[in-house]
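So the structure is just underneath, and the comments pick up after that.
What follows draws every value from the coordinates through simple rules; no lab data is involved. Keep in mind it's a predicted model, so treat the numbers as computed, not measured. As a convention, Cβ positions derive from the backbone with ideal geometry for all residues, glycine included, and neighbour counts pool all protein chains shown.
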Amino acid sequence: MDFSLNRMPSTQKEIEWQWERVVKENIDFSEIRVNGASCDFEANLDYFNLTDTKADQISFIGRRYEFFEQAVGLRDFRLEIFGDIHQDTQIGMILNGISRYREESSPYGLFVSYRYIGESVYCAITVYLVDKNWGSEMDVAVIEVSQDENAYVLPVEISEEALDYFSFDDIMRLAYWIGNFWAGVQYEINNRPEEIRVVEQRGPISLDDDAYKSQDRIVLIKRIVAVDKDGRPIEYGATASGRKYHVPSWGVRGHERTLQYGRIIPVRAYRKGKERNNPEIYIEKRYIFDDEKIDNDINK
């Protein structure tokens, strides 16, 4: 996304005032007001666990596309970067270049929870900091990213404590990178290669693999096209399929559904399973992309 026409808070008093008015002494990610409603950014979300280098590659892809240029393939998810954050990556430069007052601290983790609400994505940012004596997890801010005439970021809530480390300009630059990561994820999901699976009959499917019982289900993102033995796409109806699942609850990502008369509607991410309404046993999925596809997109 092109944020070049945005002005930093330090360059204009009106913008700085707007950022100052959302600073909160205590910020609670479980109860953030978005469009008049309370939103929980600490709820279980399917997630990407990436190195700073891999996350940078996806954010770089997102810089080339406008916010509404692609369908939203994944509405709500979490980004996790944990461990070494190098200064030769863009996200490393941003996090290591913050205008902090505590000079000896350095970042070693970035978590971002993304929620797509209305026509904006809201991003809850948590940064992990460490020095020789201590380490801390700090909720920094919730930022709105969207586009009208141009792409923009707007603060929703900012932690007063975070301003001991970050200036408003630092948070805005971080939000640019985070917004581009969002756009890069949508591009990658919408442009996955199709995987054709030949299905000869629709018998019962039993999922006894331990991977489906673990707390870390890894999902390689592809677009799946099921065909019969003659190569014709299989259209599954709403009748019972006879499938038997051995996990109490799991997440289904947002997608588009084609109705009987050709109309396409968006379907929000939702939970399935007998215990889908019990948040304590929700089983997360960790999304991964194959490296070859991302490398090709970067080199386009």
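With the simple model of a label 7 Å out from the Cα in the direction of the Cβ, residue 15 to residue 33 spans 2.5 nm.
For segment 106-167, the convex hull spanned by the alpha carbon atoms encloses 86 Å³ per residue.
Put in line by how crowded their Cβ is, counting other Cβ atoms within 10 Å and starting with the fewest, 13, 285, 300 read 300, 13, 285. What separates the Cα centres of segment 25-99 and segment 135-162 is a distance of 10 Å. The fewest-to-most ranking of 126, 53, 11 by surrounding Cβ atoms within 10 Å reads 11, 53, 126. The residues 8, 172, when put in order of fewest to most other Cβ atoms within 10 Å, stand as 8, 172. Place a point 7 Å from Cα of residue 23 in the direction of its Cβ. Which residues in segment 105-128 have their backbone N less than 20 Å from it? Correct set: 125-127. Both radii are taken from the alpha-carbon atoms of segment 9-190; with Rh as the Kirkwood radius, Rg/Rh is 0.93.
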